[in-house]
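This report refers to the structure that appears directly beneath it.
The values are calculated or read from the model by the stated rules, or taken from the named source; none is laboratory data. Keep in mind that what you see is a predicted model, and the values were worked out from it rather than measured. Neighbour counts are summed over all protein chains in view; Cβ atoms, including those assigned to glycine, are modelled from backbone coordinates with ideal geometry.
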Amino acid sequence: MIRKSLLLLAALAVSQFSHAQIGDVLKKAKTVVTEATGGALSQEDAGKGLKEALNVGVNEAVSFLSAQDGYFKSPYKILVPEEAQKVVSRLKNVPGFTNVEADLTERMNRAAEDAAKKAGPIFVSAITKMSFQDALNILMGNPDAATRYLEKTTYQQLYNEFKPVIQESLDKVNARSYWKSAVTAYNKIPLVEKTNPELDDHVTKKALAGMFSLVETKEKDIRSNPKLRTSELLKKVFAQQDKK
């Protein structure tokens with residue numbers, strides 16, 4: 001809190017000076033802020049420490065979700081889309097589709113686990129490009145500030161990368177053809193409203209929601225649990241966050 005107040009006062013002071021005096025004022029402001037934090041955290045340390053923490057968090061998240069049962073047997077399990085529930089419920093008594101929900105759920109989650117491997121390089125690229133100001137804002141921001149930054153800067157690229165893999169993976173486990181057969185069987189039932197809910201977009205969005213949810217959990221863990229700060233740099237950087 002002291003750090004933020006001092007930065008605000010410094011900014012207000014700058015507005016009262018000429019351009020020729022601004023550089024000197026900023027140098028003094030930087031000195032004051034450094035003294036307020038005990039001189040323990042340089043700009044370079046803040047950036048490197050935050051990036052190290054993010055790399056640890058996203059690597060753990062990607063490794064977990066891309067492993068066998070990473071989605072399927074975890075809190076991030078992808079369920080059959082809501083609009084498909086009416087298809088599932090009506091097909092339970094149709095030969096060949098009595099286990100349609102269980103079969104489809106497993107196939108969707110296997111596809112997501114396959115696609116999760118694509119996330120690592122995209123996250124690493126976003127973290128590498130992060131500016132010092134971004135890192136500092138995240139470090140001193142909300143408990144989910146890093147996750148929200150990654151979500152803002154990587155979501156569309158992740159979606160674009162995930163969807164073709166999801167489609168390929170769904171086909172690898174015959175999920176889309178299986179679902180097409182299920183929908184065809186459903187549409188033949190007298191008096192039902194015809195439907196054709198697509199799996200691709202649903203699985204892709206749910207896979208990404210699970211990914212960011214786990215990254216957020218990892219971020220909050222490293223912010224709140226000093227035991228997870230496994231390097232001297234992480235300990236040094238997040239000690240400043242603890243004081244805010």
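Points worth noting:
- Taken as a whole, the structure leaves Pro164 outside the set of residues that are at pLDDT 80 or above and outside any helix (DSSP H, G or I).
- Matching entry among Asp144, Asp171, Asp221 (being modelled with pLDDT of 85 or more, farther than 16 Å from Val62 by Cβ and not polar (S, T, N, Q)): Asp144
Listed here are the residues, each with its yes/no results for (1) hydrophobic (A, V, I, L, M, F, W, C); (2) in the same structural domain as Phe212 (by TED's automatic domain parsing); (3) touching a residue at least 12 places away in the same chain (Cβ under 8 Å).
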residue	(1), (2), (3)
Lys73	no, yes, no
Tyr76	no, yes, yes
Val94	yes, yes, yes
Ala119	yes, yes, yes
Ile122	yes, yes, yes
Met140	yes, yes, yes
Leu170	yes, yes, yes
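- Flag if Tyr149 is buried (at least 18 other Cβ atoms within 10 Å of the Cβ) and farther than 17 Å from Gly49 by Cβ: no
- Filter result for Asp200 (surrounded by 14 or more Cβ atoms within 10 Å (Cβ to Cβ) and either within 30 Å of Glu44 (Cβ to Cβ) or of a type outside the set (Ser, Thr, Tyr) (or both)): yes
- Filtered residue count, region 167-194, keeping only those that are surrounded by 20 or more Cβ atoms within 10 Å (Cβ to Cβ) and part of a loop (DSSP other than H, G, I, E, B): 0
- The set of residues in region 231-244 that are modelled with pLDDT under 80 and not in a helix (DSSP H, G or I) contains only Lys244.
- Filtering region 62-116 to residues that are at pLDDT below 95 and on the phi > 0 side of the Ramachandran plot leaves only Gly96.
- Meets criteria (of a type in the set (Gly, Ala, Ser) and either more than 22 Å from Asn109 (Cβ to Cβ) or free of Cβ contacts under 8 Å to residues at least 40 places away in the same chain (or both)) for Ser224: yes
- Test: residue in region 94-111 that is of a type in the set (A, V, I, L, M), within 27 Å of Gln156 (Cβ to Cβ) and in contact with a Ser or Thr (Cβ under 8 Å, 6 or more places away or on another chain): yes
- Any hit, region 50-61, residues being more than 15 Å from the chain's Cα centre (by Cα) and either modelled with pLDDT of 90 or more or under 26 Å from Tyr149 (Cβ atoms) (or both): yes
- Which numbered condition Met211 misses (of (1) touching a residue at least 60 places away in the same chain (Cβ under 8 Å); (2) more than 16 Å from the chain's Cα centre (by Cα)): (2)
- Any helices (runs of 4 or more DSSP H) falling wholly within region 82-158 and containing at least 1 residues that are under 25 Å from the mean Cα position of the chain (by Cα) and more than 14 Å from Met211 (Cβ to Cβ): 100-115, 119-128, 132-139
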